[in-house]
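Q: For reference, the structure I am asking about is given below.
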Amino acid sequence: MEQTQNFPDWHGTTILAVRKGGSTVIAGDGQVSMGQTIVKGNARKVRTLAGGLVVAGFAGATADAFTLMERLEAKLEQYPRQLARACVDLAKDWRTDRYLRRLEALLICADATSIFTVSGVGDVLEPEFGVAAIGSGGSYALAAARALMEFNLTAEEIARRAMGIAADICVYTNHSLTLESVHGV
């Protein structure tokens, strides 16, 4: 997709989800950049939904992501405790609805047992190893978290360490973290 000249070149997000030992954590950094300038260092890109049963993080345009999170919340109300169904329904709407198709964001959604990456092209992907990441530093955080999974660390410890590694490598990621978690019964 081609950007217009007047649209700011916003960059910067790392969102990481880790599921281990009955806990699922989503961590997000706080940096928002425009070109080579950091315009905010403490943005909150991770939220709880469905009365705390679901956590979600976003990468991309903030207004677009909030619109998608509101839609996901509505799907979760329609399908209580059915995160997979809510995500698939959201992805279907996102891909087919004329308005939603124009939204530029990615979501990671999780409950105590599942993690899903949801995109506007209809993808609802569940990670193979209990770890998923999106955003400019996502690959760094994903690699670090995958390496840390074999150690005797909690999901939160893995998320914090992996996000620290991503922040040390990716110029669009900082050390200001927001973490939200859900726990199994």
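Each value in this text was obtained by applying a stated rule to the coordinates, not by laboratory testing. On a predicted model such as this, the values are computed, not experimentally measured, just so you know. A quick note on method: Cβ atoms are made from the backbone with ideal geometry, for glycine too, and the neighbour counts reach across all protein chains shown.
Q: Given the options Val25, Val88, Val39, state which has the largest fluctuation in a GNM of the chain using a 10 Å cut-off (strictly under) for Cα springs.
A: Its mean-square fluctuation being the largest, the pick is Val39.
Q: Using a Förster radius of 22 Å, what is the FRET efficiency between Glu104 and Ser139 based on their Cβ-Cβ separation? Nearest 0.05, please.
A: Result of the calculation: an efficiency of 0.70.
Q: So if we plug the beta-carbon distance of Ala84 and Val39 into 1/(1 + (r/R0)^6) with R0 = 30 Å, what FRET efficiency do we get, rounded to 0.05?
A: For Ala84 and Val39, the calculated efficiency is 0.25.
Q: A further question follows. Evaluate Rg over Rh across the chain, taking Cα atoms for both radii and Kirkwood's formula for Rh.
A: With Rh from the inverse mean 1/r over Cα pairs, Rg/Rh is 0.96.
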